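Have a look at the structure below before the remarks.
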Amino acid sequence: MINLFRLAYRRVAALRSPLPGALRAPLARTGLRLTVAFLAVALLLPLVGLVAIREQHAASLRAAQIEAENVAEQVAHMVTQPVGTGRALLYQQPARLQQYVSGVNRDGNRDLEIVGLDRRVLADAVPANQGRFFAEDRGGEVAATMRDGMPRAFSELNADFPSGIELVAVPMRATPHKIVGAVLLEYTPLYRKLLAAGGETRQIIVTTSLAGMGAALALGYLLSRGLVRDLRRLTRAADLLAAGDGSARALVGSRGELGELAGAFNTMADRIAVQKAALTDLAGRDPLTGLHNRRSFEERLAGALAYADRSGTPVCLLMLDLDHFKSVNDRYGHPAGDQVLRTVAALLVRELRAVDVAARLGGEEFGVLLPGIGQRDAMAAAERLRTAIARCPVVHAGATLMATTSIGVVCYPWHARTGDQLFERADDALYHAKRAGRDRVSGPPPQPAGR
């Protein structure tokens, strides 16, 4: 460094000597400024490299933490939803819960564990751990999460993982004010993958920074302008991804290792988007029938009503309820009832148009959304469904069961203007069909005056 300083000084002195005395002082000041600027840039380059490396580490950790927390929250929401004909919550059904957790672990290649308030493992990526006492909470983070309902990210050290594993814990709520356990999700593989993908780039940053101390001011300027700009873009993309922006991608102009890191980051972001979409779709499906669940159906209805309001097209809602379904469960057992529900669901998918939406609203009640058709066509579609269900035998354990359904039909904008009003009027129409003798289609009864 001293030799470089002397060389720069000698070159300035050599240029200065033949010039008139009036120009020597300004040139000396210019030479000194250039030397100071060179030294400042040369010293700043290592600092920029260290900051970039630190930001890369921090951004990788934040991205992994936020992605894991988002996934864990979706799992916590899913396991507190009612499933099965008994309408028990999923976390209260050990076999189904373990099957769900094993499926998430298999599809996402991540270690997922669900712990109840009694510190017992409700389900684990390793099925043999189900029911054991959860004793790994040495720092008390999981207990604190179940106590105050705040998500926590922490590292866990044990004999199997001496270098530690990264975990996130989120509360599991049966109701908004009732915490019934916690969901633990490991994100160590994702975090290490991000760090490994940036390993060569970090070496390049350090090497380039050290080499920049002996390079010319222009070279240092070009390197800092290009490298730091792309690193900032990469860090900014990681921050956006960590904040939940699934469309965030790293757009860098550099090639080589930094371009490869950006490519690895974008590949990782694409995979996260696919996994998130799969989990989102899973959270909106009824586990027994594969149809949309009530929450997803209400979202689709709200979207259809918004489009209908803009375009002036009608939307019709069908509410179906299987007649005397309780007697099927009482006589043949719940497996037979489940088979009837699955058969009806498959029939709905087969008979409806691609744009129509079918959902299981709960128990033996189904909903069908028919966008773009009026009341006459909706009544005809409902009658077609009623006939198809009545003619479709259900075979279970050697017994042939026959099911019928009552259907209520309402249409926007004639019968109601909002989603809640449509549900209310469809419910009135359904019970009007029930009271009229079942196995029939009915529109809503006339409303009392003044309603």
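Applying 1/(1 + (r/R0)^6) with R0 = 30 Å to the Cβ-Cβ distance of Arg376 and Lys326 gives a FRET efficiency near 0.35. In plain terms, the chain from Asp427 to Arg271 could stretch by 52.0 nm, reckoned as 0.36 nm per residue minus the Cα-Cα distance. Distance between the modelled labels on Phe133 and Arg54, one decimal in nanometres: 4.4 nm (7 Å Cα→Cβ projection). Taking amide H as placed 1.01 Å from N in the peptide plane, the amide H of Asp111 sits under 5 Å from that of Glu186, each at least 5 places away or on another chain. Rounded to 0.05, the FRET efficiency of the Leu288 and Arg192 pair, given R0 = 45 Å and the Cβ-Cβ distance, is 0.75. Cut-off 11 Å, label point 7 angstrom out along Cα-to-Cβ of Arg438: give me the residues of region 390-421 whose amide nitrogen falls inside. What the label zone holds, given the 11 Å backbone N cut-off, is 403-406. Compared with the alpha-carbon gap, the fully stretched path from Ala144 to Leu89 is longer by 17.4 nm at 0.36 nm per residue. Pairs of Cα atoms nearer than 8 Å and 6+ residues apart set the relative contact order; for region 76-190 it is 23 percent. The distance between label points at Thr175 and Arg295 comes to 1.7 nm (points 7 Å beyond Cα on the Cα→Cβ vector).
Amide H to amide H distances under 5 Å link Phe134 with Arg120, Val121, where only residues 5 or more positions off or on other chains count and H is placed in the peptide plane. Working from the Cα coordinates of region 294-442, the gyration tensor eigenvalues give, after taking √(5λ), semi-axes of 28, 15, 13 Å in decreasing order. A crude spin-label estimate for the pair Ala388 and Thr207, with each label 7 Å from Cα along the Cβ direction, gives 6.5 nm. FRET efficiency for the pair Leu157 and His334, taken as 1/(1 + (r/R0)^6) with r the Cβ-Cβ distance and R0 = 41 Å, rounds to 0.35. In summary, the aspartates and glutamates within cross-link reach of Lys178, defined as a Cα separation below 18 angstrom excluding same-chain residues under 8 places away, comprise Glu73, Asp118, Asp148. Our coupling estimate for region 171-185, obtained by passing each phi through the Karplus curve with A = 6.51, B = -1.76, C = 1.60 and θ = phi - 60°, is x, 10, 10, 6, 9, x, 10, 10, 8, 10, x, 9, 10, 10, 9 Hz, Gly and Pro reported as x.
Computed over Cα pairs, the Kirkwood radius of region 388-445 leads via Stokes-Einstein (1.002 mPa s, 20 °C) to a diffusion coefficient of 170 µm² per second. Taking amide H as placed 1.01 Å from N in the peptide plane, Gly84 has its amide H under 5 Å from the amide H of Leu288, each at least 5 places away in sequence or on another chain.
Straight-line reach from Lys326: taking Cα to Cα under 18 Å and skipping same-chain neighbours fewer than 8 places apart, the aspartates and glutamates in range are Asp338, Glu364, Glu365, Asp439. Taking the fewest neighbouring Cβ atoms within 10 Å as the starting point, the ordered list for Thr208, Thr387 is Thr387, Thr208.
Remark: the Val355-Ser102 segment gains 87.8 nm on full extension, using 0.36 nm per residue and subtracting the alpha carbon distance.
No value in this document is a laboratory result; all are computed from the given coordinates. All values derive from a computational prediction rather than experimental measurement. Every residue, glycine among them, receives a Cβ derived from its backbone with ideal geometry; neighbour counts consider all protein chains shown.
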